[in-house]
1. In whole Hz, what ³J(HN,Hα) sequence does region B:161-178 give by Karplus (6.51, -1.76, 1.60; θ = phi - 60°), x for Gly and Pro?
2. Sticking with the crude label model, points 7 Å out along Cα→Cβ, report the distance from residue B:391 to residue A:190 in nm, one decimal please.
3. From Cα pairs below 8 angstrom and at least 6 apart in sequence, can you work out the relative contact order of chain B, rounded to a whole percent?
4. Convert 20 °C to kelvin, take the viscosity as 1.002 mPa s, use the Kirkwood radius over C-alpha pairs of chain A as Rh, and evaluate the Stokes-Einstein diffusion coefficient in µm²/s, rounded to a whole number.
5. Per the Debye formula with a single identical scatterer at each Cα and no solvent contribution, what log10 I(q)/I(0) holds for region A:258-372 at q = 0.13, 0.23 Å⁻¹?
6. Can you work out the Karplus-derived ³J(HN,Hα) for every residue in region A:336-342? Use 6.51 cos²θ - 1.76 cosθ + 1.60 with θ = phi - 60°, whole Hz, and x for glycine or proline.
7. Under the Karplus relation 6.51 cos²θ - 1.76 cosθ + 1.60, θ = phi - 60°, what is the ordered set of whole-Hz ³J(HN,Hα) values for region B:276-292, x standing for Gly and Pro?
8. Per residue of B:207-217, count partner chain C-beta atoms within 10 Å of its C-beta, then hand back the mean as an integer.
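The values are calculated or read from the model by the stated rules, or taken from the named source; none is laboratory data. These figures come from a predicted structure and were not determined experimentally. Because the Cβ atoms are built from the backbone with ideal geometry, glycine has one as well, and the counts that use them run over all protein chains shown. Quick note on the areas: whole protein, heavy atoms, side chains included, nothing else; ligands and nucleic acids left out. Shrake-Rupley method; radii C 1.70, N 1.55, O 1.52, S 1.80 Å.
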Amino acid sequence: MSSVECKVVIGLEIHVQLLTKTKMFCGCALEFAGEPNSRVCPVCLGLPGSLPVMNRKAFELSVMAGLALNCKIANFTKWDRKSYYYPDLPKNYQISQYDLPFSEHGFIEIPVNSGDAKRIRITRAHLEEDAGKNVHTAGNFSQVDLNRAGTPLLEIVTEPDMNSGSEVRALAIELQRIVQYLGVSEASMQKGQMRFEPNVNLHIIKDGKEYKTPITEVKNLNSFRALEESVNYEHSRQLEEFLATGKTMEMGNKSTRGWDADRGVTVLQREKEEAHDYRYFPDPDLLPVKLTDEWIEDMRSKLCELPLQKQFRYVKEFKLSEYDAGVLTAERAVAELFEGAVEQGGEPKRVCNIISQAGLKLANEAGRSMAELNIDAEGVAAIAKMVEANEINAGAAGAILAEMTKTDKSAKAIAEELNLIQKSDASELEGLVDAVIAENPQAVDDVKSGGKKSKAARGFLMGKVMQKAKGQANPKIVSQILAKKFG
Amino acid sequence: MSDELLSLSCRKLTELIRRGEVSSRKAVEAVFSSIEKTEPVVGAYLSTFIDESLERADEIDSKIAAGKKVGKLAGLPIAVKDNMCTTFGATTCGSKILENFHAPYNAAVIERLLAEDAVIVGKLNMDEFAMGSSTENSGLKKTVNPWDVNRVPGGSSGGSAAAVASGMCMAALGSDTGGSIRQPASFCGVVGLKPTYGRVSRYGLVAYGSSLDQIGPLTRDVADAGLMMNVIAGHDDNDSTSVNEKIAPVPDYLENIEKGIEGLTIGVAPQFHAGADVEVLSAIEDAIEVYKGLGAKVVEIDMPHIDYSVAAYYVIATAEASSNLARFDGVHYGHRTAKPEDYIEVYSKSRAEAFGTEVKRRIMLGTYALSSGYYDAYYLKALKVRSLIRSDFTGAFEKCDCIMTPVSPTTAFKIGENIDDPLKMYLSDIYTIGVNLAGIPGISIPCGFDGNDLPVGLQILTPAFTESKLLRIARMFESCTEFHKRRPQKV
């Protein structure tokens, strides 16, 4: 029996829609969906005589993304026309960047296993305009909706540095976090603002000889799940194919496949790479973009700490778990809320619990992000401090937080209003304990008798005290008093 | 009366209109009566707007009667080449593929004309997509030279030149990618100015060769070209290649137009005379003698790379054209084939049916030049030649104020004479093409007649953004000669 070792190798192309108000080369609004062809003008319709004008904001956002991906930003970059005929492409060329992209040679770090980061090289990132959409819902013809035409897209290409579906997924999530942190993109999967195209093949060592399987490109994936599953599927499909046919890269052609999410399989779209000649040449309608080092540095100063760095720092600095740090850094607004509350004296783990449990639950229920909940760092810090000081119990934090989303009152005022302040006055509580003892002789006997029933009876008395205190007794102190009474 | 009105300059006529001595309606009526008489012979117009024009003339007249301020072109009947988008009428580019295309927006120059109260009376014939030197490539109409109806008016702005020469409008706009304003101006005995690339907005000009195209005026005298420049020159936010006015301010082109240039130095290059007809050359030499008489000095300059300009031009212009014309695909607008089998046939048949031979030829040339494996040898090489030609001009202008050349090697040729020989046709732009590659301004002014009584044009070139000086130099000659006053009598 022969030995087979197999490594999957994956590179990724990602399209990210930029968070600008208007399209890449005209003033049409960038919104999601809408009446077909309602957000168009002579420029994005590609009407004769119209000319593109670069959206500066799109360029700035792209450069920020390039810097965050540790890319070298070019001092001179230009626009090229990429020619191909397709009905959703109104000029029959796409304005893109060919040989001089604005950024190259970067890397992104992704979390792998617990606490480790893996560096994936970024080949290049460039800007381009999106095409429209062909719609095939009407009878014996197709229709074209050009609302999307001219949408600014950042195309990011990685080196084939990933070796599992989960790494590819981690990169996608990390990239989403980064562009969202920087305000470069909303990066919503549902709205198709982030699309993935993995290139997958296998490096197989069989009987000491290395073989590489033909590369497959899976087109147009728009969920993390589809991305991971399609890569895993390709891994096993290509291995099976290789074992059955022995086909390698040199013999087979690169193929393009689509993902069938219902069946969980990839489907062949094009076997032979068509001899595409895009006839790239510099767009004479647009001036090249020249960037000074000062301008690039100015953009760099607008960057923030990146999510993965934050995540690692939280583990180290605040002794949070990997998991908690991940939850807190998933969104920039959440991380900022956390850091703000800690800065104002909240104990990190306590603040983390308030945000990650009560806070995110509220956000989920409201169907909003934390940032939209009217909760500030000061309030979270105040709640954390009250829990620490035993003024309220940990369970009360959620109720106070929920109330905070509706009013501008302070945490303390809300706690008082909702009668959540714990009674910690020993003499007052002792009175309650005495009353309960007097009212429940059977339970008192059970406690005193020791044995099996004792523990349950103690709990029963405790419950009765809490009931009498309307839930506001500090359980620690009640427990101490009970202990004193029964020795 | 109407002929008299039409013999006035634009400056004079708009002044009379502004003073209320002549109504804009009268001027517009005069133009339309001239069109009625002459158009059946000359064939310059692809569309005319008589009702709209009269309505607009009346509006301007009543503004004037009410003492309101009116623009620089108040009431003047003006026509434009049919490759500038207008919300009124069609914008055909002389092509069957756009025969029924109605633009939903006005070109920047159209907006500027309208803002200065011009009356746009019609749109003028041209070689299809501005590809040609005789207007014979129009897919829609035949235009003849008003000086000899058996001859071409030149091209591609042949309709513009013929209409101005025969009094069917007071002035016209054309576009110039390789000589398309200057050469027809020369063939028809009118003034044609190609401004510096970036001086006039291209927004709304249907592109042929985007890095070469430039809109400019065709007029009956030099100062009228200045008046038109005062309206059309300037930055436009919608055209990234239009120049920032802080870098190149827009002067008043009429301000010093009567002031000659003292100590003018004229550059003459042997390369610019090679291959020209004897009669053309002698008219140019005579013109230079006139300048000498005005105190000008002549120096010989060297343009070592200019011989490669036609070759470089036909790579760059066609490459850009192949991409610019890709959008005419039968999908979104324009001609669509009747019964396509599939979407590929929508493209191939629509284009095959509606583009003319010359347009197809240039799309093929340009597609080839941009194809993978050929790009470096053709397109990239052509760009290098282009920058050498640009430095030829820069070097030359260190020695002289302006360069003078013939506009074309010949006067207007016979209809059909060159149509089957594209290479010969291409060579008729040999003196004008380098100017577009360099991006500098150039003017054609009438400077004589040949034995057939056909006009000869003198081309004057100056450095980028010095149109003001260029016009002054042109005016020096015009002010002491009568060539520009002769009008064709044959139509």
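1. The phi angles translate into 5, 5, 5, 5, 5, 9, x, 9, 6, 7, 6, 9, 9, x, 9, 9, 10, x Hz.
2. In this crude label model, residue B:391 to residue A:190 measures out at 6.0 nm.
3. Computed value for chain B: 18 percent relative contact order.
4. The diffusion coefficient I find is 80 µm²/s.
5. Here log10 of I(q) over I(0) equals -0.77, -1.25.
6. 5, 5, 4, 5, x, 5, 5
7. Coupling constants for region B:276-292: 7, 4, 4, 5, 5, 4, 5, 5, 5, 4, 4, 5, 5, 4, 4, 4, 4 Hz.
8. 2
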